[in-house]
Amino acid sequence: MEILYEDNHLIAINKPAGTLVQGDETGDRPLAEDVKAYIKEKYGKPGDVFLGVIHRLDRPVSGATIFARTSKALERMNKIFAEREVEKTYWAIVNKRPEPLEAHLTHYILKDSSRNVIKVFDQLSSRAKQAKKAELDYRLIGEIGEHFLLEVSLQTGRPHQIRGQLAKIGCPIRGDLKYGFPKPNKDASIHLHCRRLSFVHPVSKEKVSILAKAPNDQIWNLFKGI
């Protein structure tokens, strides 16, 4: 595990692509269990270790993930996320130069739970009465051959939001078959990475900025100098 931040209340990990944050029906071991084991061994804690999942990254996504080490921190961080007081910055590699090169996107998202996908609409309509507003800002920060690196700042936190909204403007994320990229990555990852999370610490009230380096693979390494 690559530990990005740790104190008595919070711990942040650079999640590898392909790893679950929290257990699901697959039964695969999630990152949360590895973090618990690390805390138990490092601090010699007897019995079960408390660990609260604050936010989740999709399994094929990499990057900064925060867990709460105390119930107080969990409650306060949940409120911070719910009230959109966290600055969330992602990197995404797409196969098409977006037009314009930077923009604010507003769409409406409707989740299809049976297929675990979202539908993205330009506006509310009778087909999407239950859709939720989704907003983000993106800008092009790197371009090498047919690979375009976008920096994305999330204004809302909807399921699959970045994946769906970028696909909607014709720029699906590399490897993301679910949202229109033509071929998968060999390891079933997608090139979406949670680069930075910034917020006011729920206990100390100090500003915290957690930065996660991109995965070490051939495509990400094209942009290593950024």
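Might you let me know whether the range 28-47 holds any residue that is modelled with pLDDT under 95, under 29 Å from residue 190 (Cα atoms) and of a type in the set (Ser, Thr, Tyr)? Within the range 28-47, none of the residues are modelled with pLDDT under 95, under 29 Å from residue 190 (Cα atoms) and of a type in the set (Ser, Thr, Tyr). Taking the numbered list (1) in contact (Cβ under 8 Å) with a residue 40 or more places away in the chain; (2) touching a His at 6+ places or on another chain (Cβ under 7 Å); (3) of a type in the set (Gly, Ala, Ser) in turn, residue 142 passes all entries but (2). Going by the structure shown, is residue 208 of a type in the set (Val, Ile, Thr) and not in a loop (DSSP other than H, G, I, E, B)? For residue 208, the condition - of a type in the set (Val, Ile, Thr) and not in a loop (DSSP other than H, G, I, E, B) - is met.
Within the range 61-87, the set of residues being out of contact with any helix residue (DSSP H, G or I) (no Cβ under 8 Å at 6 or more places or on another chain) and part of a loop (DSSP other than H, G, I, E, B) comprises 61, 70, 83, 84, 85. Against the conditions (1) in contact (Cβ under 8 Å) with a residue 60 or more places away in the chain; (2) in a strand (DSSP E or B); (3) in contact with a Lys or Arg (Cβ under 9 Å, 6 or more places away or on another chain), residue 109 satisfies every one except (1).
Looking only at residues of the range 31-60 that are hydrophobic (A, V, I, L, M, F, W, C) and part of a loop (DSSP other than H, G, I, E, B), we find that the one that is nearest to residue 195 (Cα to Cα) is 57. The residue of the range 180-196 that is farthest from residue 120 (Cα to Cα), among those that are of a type in the set (A, V, I, L, M) and not in a strand (DSSP E or B), is 188. Entry remark, the range 120-136: residues being surrounded by 15 or more Cβ atoms within 10 Å (Cβ to Cβ), under 19 Å from the mean Cα position of the chain (by Cα) and not β-branched (Val, Ile, Thr) number 4 in total. Among the residues making up the range 5-22, those that are closer than 17 Å to residue 214 by Cβ, not in a strand (DSSP E or B) and not small (Gly, Ala, Ser) are 16, 19. Does any residue in the range 209-226 that is surrounded by fewer than 19 Cβ atoms within 10 Å (Cβ to Cβ) come within less than 6 Å, Cβ to Cβ, of a residue that is at pLDDT below 95 and of a type in the set (Val, Ile, Thr) six or more places away or on a different chain, and which pairs are these? No pair meets every condition. Of all residue pairs spaced 6 or more apart or on separate chains, those with beta-carbon atoms under 8 Å, a first member in the range 69-88 that is without any contact (Cβ under 8 Å) to a residue 24 or more places away in the chain and a second member that is surrounded by 13 or more Cβ atoms within 10 Å (Cβ to Cβ) and part of a strand (DSSP E or B) are 71/52; 74/52; 74/68.
Take residue 14 and tell me if it is within 18 Å of residue 60 (Cα to Cα) and in contact with a Ser or Thr (Cβ under 9 Å, 6 or more places away or on another chain). Yes: the conditions hold for residue 14.
The values are calculated or read from the model by the stated rules, or taken from the named source; none is laboratory data. Every value quoted in this text rests on a predicted model; they were computed, and no experiment measured them. Cβ sites come from the backbone with ideal geometry, for glycine too, and all protein chains shown count toward neighbours.
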